[in-house]
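The values are calculated or read from the model by the stated rules, or taken from the named source; none is laboratory data. These figures come from a predicted structure and were not determined experimentally. Backbone-built Cβ (ideal geometry, glycine too); neighbour counts: all protein chains shown.
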Amino acid sequence: MEYYLQRHDCQHLLFSKKVDRLQLNKVLLSDRGDKRLVVNVWRNHNIESLLPYLNLYSQYGNIGIEWKIGDYDDSFSFIDIQKADAEILWIDASRLLEKVDFDEWLRWLASRLQALRKLSTAPILLATWSDQTQKNELIRNVCERMVGVYFADMGSFCDDNNLELLDKRLKDLTGTLISNAAQVLIAREMACKWLPALILPPIKAVAVDLDNTLHNGVLGEDGIGGVILTEGHKILQRSLKNHQSNGVFLALVSKNEMSDVRELFMRRDDYLLRLEDFSSVQVSWGEKSDALKRIAEELRISPNSILFVDDNPGELIAVLQSLSNLKTVFAEEDAELTARVIDYYPGLWRWKVTEDDLKRVNDLKANNEREGLASQYADQDEYLKSLKAQLHYDLDSEVDIERITALSNKTNQFNLSLQRYSQAEIMRKMQDKGSSVISIKLSDRFSDSGIIAIIVAKKYLNILVIEEICMSCRAMGRGLENRIIFFAINSLISRHECECVEFLVKEGERNMPALTWIKNLQGSTSQAGRILVQSKNVPKILDDGLIGLTTSWS
Amino acid sequence: MSNQIEKKVIDILSTILKTDIGVDSSKINTSSWDSLKNIEIIFALEDTFGLSFSIGQIEKMISVKTITVEIEKNET
């Protein structure tokens, strides 16, 4: 618990508007690093000056990073590359641009990124800058044309933060031109946003306390008119609303009377958040750890992917004793600081908000409506018919690669072999003639859930090997699981004329739903982690018309 | 004035080098004072005193005494 107290003590220094470099040197934070990661750094200028700060901010996020820093190398030849969780290209192009023009340098950059892509399937972060916005856009275009390559645009980042990126005095002193102020803030951005968004499971929900967190004061004592909404609290509420509009669930956890809370949100027009903005509301006098478990269940997510914000350190520690992998933030008296700490929490920021991210919050609301509908029907088929569900199957859909990869990495419960593919690995499978990546979209009368399942398969002789099946929790509970999967598998069996289907299976901490599903298939264990089923025994789905299910392929 | 600056310099050096620093400390007699730490010290001094040192000054700043002298020059 000492580690969590240290974190709460130092977060005002780490996340203040203007970070004081000297004060950061005084911060004591144990290297707990529950999550150990390896990051290769390919560079032609100094990154060592940023390392103490990269490590400090990573430690705040409970991540231990082993940095494998290559020699100074203007040619970026990636000699002796070893497996890593991420690759960073730390490039100062100024020296190279003295010899060649920008277009030629850009072509060279693209060739180096392609070379690295061939050597590594890990996500690649290109951290560099140019002297013009237009050139930055061209660099970004190069990255976006490649799979799993992201541009950390340090120039635009500094412009947005009114910082001077370069300090020419430093060239001979430190081996990098990056200025004092920019170094620390770039380290923070890298450790809290750019890198975690590539390598950590995302935070899916922010659960906030009410009193002295969303406002100043205690509702039960100060009354509805007595609790104070400071400018900082407005900023915090606006920031939470932004996260929600990016597909992050909001939940409310408060020890209060529900009637008071309901009235507060109804009567206080100055609150930017409405009670309906919270996908789960847990107001009671019970333990907050129990409330958070209920939130996880309601939102169909793991407690590990919830960030809990509370002003009471005792409450935070009590919750951690019951849910040790929960993420926590101490709500400061300065709510604007709290907003910044939340914004920087590793795993919350995303490189890109996909359409499927945006659908998540609405999908949950639709689920409640579905449950209401299900209770009206005694017959399961009648209920399914009333849903008017539509399934759409895509084969090797490169345009959906981000969502497909995200599903492989985010899905914990219905995940048959826990492969956790990178974008580059999925792309290789899509381009391999013997392999198939099927993505399945689901919509019904209540919502369009987007891609809710993926199946990755490969043909070996006359065997169809199902390397992975992942299905989002959002698709489960409609009684469609078997139809979703078997329709795809039967299509692959016909396409490849396979006699047997072999499923790769790996037991994990939370993938019991997938393990139960495969157990019901009654195949035989061919070897450890492999279950073999004769193609003729794979259930056929013939009655889609009866339940009004529309199925299509592209 | 000089004493106040010297005291602040010693505080900053102790924080960054994470060792006891005295008025006679220098790069030569302090093992943790390497080139990486040296630039960290310069950044901290610039932030604390609101100054910007020239390269010529930075090259001279290799001990508590020389640092104090260069800061005093800038302040006057």
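Quick notes
- The number of residues in segment A:296-322 that are within 21 Å of A:Asn212 (Cα to Cα), assigned to a helix (DSSP H, G or I) and of a type outside the set (Gly, Ala, Ser) comes to 6.
- A single entry from A:Thr213, A:Thr174 fulfils the requirement of being of a type outside the set (A, V, I, L, M) and within 14 Å of another protein chain (Cβ to nearest Cβ): A:Thr174.
- Number of the condition not met by A:Pro202 [criteria: (1) in contact with a Gly (Cβ under 9 Å, 6 or more places away or on another chain); (2) surrounded by 21 or more Cβ atoms within 10 Å (Cβ to Cβ); (3) closer than 30 Å to A:Ile63 by Cα; (4) at pLDDT below 95]: (2)
- Residue in segment A:5-27 that is surrounded by fewer than 15 Cβ atoms within 10 Å (Cβ to Cβ), at pLDDT below 95 and in a strand (DSSP E or B) present: no
- A:Asp172 being surrounded by fewer than 21 Cβ atoms within 10 Å (Cβ to Cβ), part of a helix (DSSP H, G or I) and at pLDDT below 95: yes
- Test for A:Ala475: is it modelled with pLDDT of 90 or more and of a type in the set (Gly, Ala, Ser): no
- Check on B:Ile12, at pLDDT 90 or above, within 14 Å of another protein chain (Cβ to nearest Cβ) and assigned to a helix (DSSP H, G or I): yes
- For segment A:281-304, the set of residues classified as under 24 Å from A:Ala366 (Cβ atoms), among the small types (Gly, Ala, Ser) and surrounded by fewer than 21 Cβ atoms within 10 Å (Cβ to Cβ) consists of A:Ser302 only.
- Output for segment A:220-260, where each listed residue is surrounded by fewer than 20 Cβ atoms within 10 Å (Cβ to Cβ), more than 25 Å from A:Ser305 (Cα to Cα) and hydrophobic (A, V, I, L, M, F, W, C): A:Ile224, A:Ile228, A:Leu229, A:Met258
- Being modelled with pLDDT of 95 or more and of a type in the set (Gly, Ala, Ser) holds for only one residue in A:Ala457, A:Ala424, A:Ala406, and it is A:Ala457.
- Matching residues, segment A:282-337, being among the hydrophobic types (A, V, I, L, M, F, W, C) and touching a His at 6+ places or on another chain (Cβ under 8 Å): A:Leu316, A:Phe330, A:Ala335, A:Leu337
- Of the set (1) in contact with a Ser or Thr (Cβ under 7 Å, 6 or more places away or on another chain); (2) crowded, with 18+ Cβ neighbours inside 10 Å; (3) outside any helix (DSSP H, G or I), all apply to B:Asp20 but (2).
- Residues that are out of contact with any Gly (no Cβ under 7 Å at 6 or more places or on another chain), of a type in the set (Gly, Ala, Ser) and part of a helix (DSSP H, G or I), drawn from segment A:334-372: A:Ala339, A:Ala366, A:Gly372
- Segment A:160-169, subset part of a helix (DSSP H, G or I) and either in contact with a strand residue (DSSP E or B) (Cβ under 9 Å, 6 or more places away or on another chain) or within 14 Å of chain B (Cβ to nearest Cβ) (or both), residue surrounded by the most Cβ atoms within 10 Å (Cβ to Cβ): A:Arg169
- Restricted to strands (runs of 3 or more DSSP E) entirely inside segment A:53-159, those with at least 1 residues that are more than 26 Å from the chain's Cα centre (by Cα) and either of a type outside the set (Gly, Ala, Ser) or surrounded by fewer than 21 Cβ atoms within 10 Å (Cβ to Cβ) (or both) are A:63-72.
- Single residue of A:Arg43, A:Arg36 found to be at pLDDT 95 or above and under 23 Å from A:Ser120 (Cβ atoms): A:Arg43
- Index of the failed condition, A:Asn162 passing every other in (1) modelled with pLDDT of 95 or more; (2) farther than 19 Å from A:Asn246 by Cβ: (1)
- Checking B:Ile67 against (1) crowded, with 18+ Cβ neighbours inside 10 Å; (2) within 13 Å of chain A (Cβ to nearest Cβ); (3) touching a Lys or Arg at 6+ places or on another chain (Cβ under 9 Å); (4) not small (Gly, Ala, Ser), the condition it does not meet: (2)
- Checked across segment B:46-58, the condition of being in contact with a Phe, Trp or Tyr (Cβ under 8 Å, 6 or more places away or on another chain), within 14 Å of another protein chain (Cβ to nearest Cβ), surrounded by 13 or more Cβ atoms within 10 Å (Cβ to Cβ) and closer than 18 Å to A:Lys168 by Cα holds for at least one residue.
- Filtered residue count, segment A:205-233, keeping only those that are more than 19 Å from A:Trp285 (Cβ to Cβ), touching a Gly at 6+ places or on another chain (Cβ under 8 Å) and of a type in the set (A, V, I, L, M, F, W, C): 1
- Verdict on A:Leu407 being crowded, with 21+ Cβ neighbours inside 10 Å and over 17 Å from the mean Cα position of the chain (by Cα): no
- Residues located in segment B:23-45, provided they are loosely packed, with under 12 Cβ neighbours inside 10 Å and touching a residue at least 40 places away in the same chain (Cβ under 8 Å): B:Asp24
- Test: residue in segment A:320-333 that is at pLDDT 95 or above, among the small types (Gly, Ala, Ser), over 23 Å from A:Glu481 (Cβ atoms) and touching a strand residue (DSSP E or B) at 6+ places or on another chain (Cβ under 6 Å): yes
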